[in-house]
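The block underneath contains the structure these notes are about, expressed in structure tokens.
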Amino acid sequence: MMTTEVLDPGTLEMLRALNEEGEPDVLAEVLELFIEDAPARLAAIEAAAAASDARALERSAHGLKGSAGNIGALGLQAVCKTLEICGREGQLAPAPALAVDMVAEYAKVRKAIAVILGR
């Protein structure tokens, strides 16, 4: 199944387990929030990489890294961690290529979420 390649099954199961009877679907809510929030974070990271703004890159990548981790998007989380380190250390040369990798990982995550949400 594609979702298990992109999203950590253990994280997804943990989110499913948070559901209580009669309550909204926690997993669906968290995934929806991620999809709503991620495009602005991606744009901020791309802009920071393009502008060679180390501080903004570190901050923006840190935020998306956390969001990706919350839903078990381990590949996206890893790319964001590398971008965060690039920003922290002021090593900006690899940032544009990493931003391309980040967008590709996000596309995979978005597809996996669509499968889970039945879209």
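Computed on the Cα atoms alone, the convex hull of segment 40-119 gives a volume of 70 cubic angstrom per residue. Taking a ≥ b ≥ c as the square roots of the Cα gyration tensor eigenvalues, segment 61-105 comes out oblate, since a/c reaches at least 1.5 and a/b does not exceed b/c. Given R0 = 30 Å, the distance between the Cβ atoms of Ala17 and Ile85 translates into a calculated FRET efficiency of 0.40. Sorted on the mean count of surrounding Cβ atoms within 10 Å across their residues, most packed first, peptides 35-42, 52-59, 89-96 read 52-59, 35-42, 89-96.
Just checking the listed ones, Gly87, Gly69, Gly22: in the Gaussian network model of the chain with Cα springs under 10 Å, the one fluctuating most is Gly22.
FYI, it's all coordinate maths here, none of it is from the lab. None of these values were measured; they are calculated from a predicted model. In this analysis, Cβ positions are derived from the backbone assuming ideal geometry, glycine residues included, and neighbour counts consider all displayed protein chains.
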